[in-house]
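Everything on this sheet refers to the single structure shown next.
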Amino acid sequence: MQNAPPDAMIEMLTKITCPECDHKAVEEMPTDACQYFYECKGCGKILKPLAGDCCVFCSYATVPCPPIQAARIEAKHLEAKHLEAKGENGKSDSSGAP
């Protein structure tokens, strides 16, 4: 998993919903890997990620997997640092000197 800023919170629990039977279950997501398969506890269907998603949680759950959460947090953190630096570099000198 990527290194998120220390004040960032990664959610470990999510509610996954089966697209076949609409069964919902609260699950703890793994931190060290994406979960490619999930067996619905309602109908037994084996869920796989939708095209473009890394895991079943990104496709069918209320919270994306921890690696995706960490990447989003890191992107926001880097954007904030970039905007802060841009703001400092873009300030004009009030003395009028070049």
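Please state, rounded to one decimal and in Å, the Kirkwood hydrodynamic radius that the stretch 13-87 gives when every pair of distinct Cα atoms enters the mean of 1/r.
Across the stretch 13-87, the inverse of the average 1/r is 13.6 Å.
Where the only charges are on Cβ atoms (+1 Lys, Arg; -1 Asp, Glu), what is the dipole of the stretch 13-87 about its Cα centre, to the nearest 20 debye?
Dipole size: approximately 140 debye.
Kindly list the residues of the stretch 30-50 that lie in the label zone of I10, defined by a backbone N under 12 Å from the point 7 Å along the Cα-to-C-beta vector.
It comes to 30-34, nothing else.
Going by how many other beta carbons lie within 10 Å of each one, how would you line up D22, D53, fewest first?
The fewest-first ordering by Cβ neighbours comes to D22, D53.
Every number in this text was worked out from the coordinates using simple rules, so none of it is lab data. All figures in this text were calculated on a predicted structure; none of them were measured in a lab. All Cβ positions, even for glycine, are placed from backbone atoms using ideal geometry, and neighbour counts span all protein chains on display.
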